[in-house]
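Okay, so here's the structure we're looking at.
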Amino acid sequence: MFFWRRKTSDAAIPIVNLSKAIQHPEKQKVVYVIRHGESAYNKWRRDSFKYFRLRDMCTYDPLMYDAPLNERGEQQAVECRQRTQQFFTSGSGVCGSEQPNNIQRVYVSPLSRAVDTVRLLFAKSSLIATVLPCLTERAETTGDIGLTKSKFIDKYAHALVGDAVSPSTVSHSETLSLSSVSPETAIKLDVSSFGDKEEWWYPSALHERPRWWFQRIRREPKANVDKRANEFVKHLCTQPERCVAVVGHSHFFMQWTGTRKLKNLEVRPFLLDCSTGKLTQITDTNLFMQNQN
């Protein structure tokens with residue numbers, strides 16, 4: 001099995017032609033690529049230019065470790081859930097009506113902004129979200145340095161696979177936030193892929209001197225991001241699920257898919273051919289229009 005960088009084909013597949021494109025179901029998977037909601041770092045960077053804050057405009061890294069979702073990011077996740085919930089679970093989506101649940105598994109980056117997006121986006125789901133370190137954002141700032149394995153497990157202990165599940169008490173009003181997601185009913189997290197390492201991010205990020213004076217961490221090489229993307233594809237192609245969601249980050253997704261940068265909570269579906277590792281974008285999916293708030 002061979003994989004290479006920039007695996008997206010030139011011609012996208014219209015959703016109406018998807019059934020014709022899937023000629024070998026045992027080798028092809030539908031992958032919903034979803035960027036996390038707006039984070040505190042995203043807002044800081046946007047406001048620094050909006051309000052012409054010169055000091056912030058000239059700052060590359062504000063030392064905002066594991067930048068969390070902000071209030072707007074939480075609301076984006078709620079609105080995206082309301083917009084896509086029926087499409088994801090009714091069998092009317094791109095995986096076809098033969099699937100009892102359109103999305104069969106969720107994969108997520110270990111960074112808090114991605115994990116919390118999943119907890120809101122799939123707040124009343126019986127699915128399992130597998131947390132994979134290889135899906136983390138390209139390490140460029142301290143915002144891309146997450147919680148250590150033990151701190152992650154402590155923070156999300158109530159949501160880990162194996163906890164008891166009780167009848168749903170999740171509110172589905174538009175004001176749903178992380179504080180109102182019941183620990184007993186939120187999507188469960190599988191952290192078995194963490195392994196024994198406490199620090200799962202790019203090893204040199206905090207242990208080698210940055211190349212430039214304005215950087216606070218050692219920047220991850222693109223080749224390493226390619227390696228992680230290929231690692232994920234190989235893992236995905238060994239799994240039985242035909243339709244999955246991947247919640248992560250803009251730069252990782254740009255490099256993996258070879259497409260333009262996703263906006264916060266934008267959903268972009270692809271067809272993955274496991275025989276080649278090639279991704280082909282699925283188009284004409286109006287339900288996936290990105291959040292414009």
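Working only within segment 132-148, note down all residues that are outside any loop (DSSP other than H, G, I, E, B) and buried (at least 24 other Cβ atoms within 10 Å of the Cβ).
135, 143, 144 - these are the residues of segment 132-148 that are outside any loop (DSSP other than H, G, I, E, B) and buried (at least 24 other Cβ atoms within 10 Å of the Cβ).
Given (1) over 30 Å from residue 60 (Cα atoms); (2) of a type in the set (Gly, Ala, Ser); (3) touching a helix residue (DSSP H, G or I) at 6+ places or on another chain (Cβ under 7 Å), identify the lone condition not met by residue 248.
(1)
From 85, 23, 104, which residue is out of contact with any His (no Cβ under 6 Å at 6 or more places or on another chain), open to solvent by 10 Å² or more (accessible area, probe 1.4 Å) and at pLDDT 85 or above? Outline the logic, then answer.
Working: 85 fails: at pLDDT 85 or above; 23 fails: at pLDDT 85 or above.
Being out of contact with any His (no Cβ under 6 Å at 6 or more places or on another chain), open to solvent by 10 Å² or more (accessible area, probe 1.4 Å) and at pLDDT 85 or above holds for just one of 85, 23, 104, which is 104.
The values are calculated or read from the model by the stated rules, or taken from the named source; none is laboratory data. Just so you know, these numbers come straight off a predicted model, no measurement behind them. Virtual Cβ from ideal backbone geometry, glycine too; neighbours counted across all protein chains shown. What goes into the accessible areas is simple: the full protein's heavy atoms, side chains included, and nothing from ligands, DNA or RNA. Shrake-Rupley method; radii C 1.70, N 1.55, O 1.52, S 1.80 Å.
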